[in-house]
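J.: Please see the structure below; I have some questions.
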Amino acid sequence: MIAVVQRVSEASVTIEDKIHNKIGRGFLVLLGIRKGDTVTTLKTLAKKVIDLRIFPDENDKMNLSLKDVDGEVLVISQFTLCSDIEKSGNRPSFIFAEEPEKASALYEKFIDELREYYKSDKVFGGVFAAYMKIKLENDGPVTIILERN
């Protein structure tokens, strides 16, 4: 499982020309689910995302978590994070991405875990396998890549 966590001032996801969800200050999380990922994997990663201390404190040091700043989270499924271009040249292969049915269930469970560990009214998602347009204002910029096997 791989999560690209971007600290944002705001972010939104648009589907079929309508804003599906939007957040203010917080994290935009792009989530790739690999073959073999489990509920245990996603629980560990979800906790790590919420506890990640990448917001500035009063001394402008990255020392505060999402909880500390009462931030929001927008989670977008992104199977392309599981691409492989080592053997296929310049055209990516997605052989490491989980099958859609299982990936969808794990994606939804990841969002549920974030809501359970943090706040249900501060965590939002896109629509699994939908064509989505993402807008964000990266704050910093700060982008962290988390991986769990």
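J.: Residues of the stretch 74-108 being in contact with a helix residue (DSSP H, G or I) (Cβ under 8 Å, 6 or more places away or on another chain) and not in a helix (DSSP H, G or I), which ones?
T.: VAL75, SER77, PRO92, PHE94, PHE96, ALA97, GLU98
Residue-wise test of (1) over 20 Å from HIS20 (Cβ atoms); (2) in a loop (DSSP other than H, G, I, E, B).
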position: THR44; (1), (2): yes, no
position: ASP112; (1), (2): no, no
position: ALA129; (1), (2): no, yes
position: LEU136; (1), (2): no, no
position: ASN149; (1), (2): yes, yes
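J.: State whether one or more residues within the stretch 97-118 are within 18 Å of GLY24 (Cα to Cα), in contact (Cβ under 8 Å) with a residue 60 or more places away in the chain and not hydrophobic (A, V, I, L, M, F, W, C).
T.: Taking every residue of the stretch 97-118 in turn, at least one turns out to be within 18 Å of GLY24 (Cα to Cα), in contact (Cβ under 8 Å) with a residue 60 or more places away in the chain and not hydrophobic (A, V, I, L, M, F, W, C).
J.: For VAL142, state whether it is in contact (Cβ under 8 Å) with a residue 40 or more places away in the chain, among the aliphatic types (A, V, I, L, M) and closer than 20 Å to THR41 by Cα.
T.: Considered against the rule, which asks whether it is in contact (Cβ under 8 Å) with a residue 40 or more places away in the chain, among the aliphatic types (A, V, I, L, M) and closer than 20 Å to THR41 by Cα, VAL142 comes out as no.
J.: Say whether the condition of being surrounded by fewer than 20 Cβ atoms within 10 Å (Cβ to Cβ), over 15 Å from ASN149 (Cα atoms) and polar (S, T, N, Q) is met by at least one residue in the stretch 37-52.
T.: no
J.: Another question, if that's okay. Taking the stretch 56-73, which residues are touching a Gly at 6+ places or on another chain (Cβ under 7 Å) and assigned to a strand (DSSP E or B)?
T.: GLU72, VAL73, listed by residue number.
J.: What is the residue count in the stretch 138-148 for residues that are among the acidic types (Asp, Glu) and surrounded by fewer than 14 Cβ atoms within 10 Å (Cβ to Cβ)?
T.: Qualifying residue count for the region: 1.
Read the figures in this text as sums done on the coordinates, not as results from a lab. Treat the numbers as computed from the prediction; the structure is a model and nothing was measured. All Cβ positions, glycine included, derive from the backbone under ideal geometry; neighbour counts span all protein chains shown.
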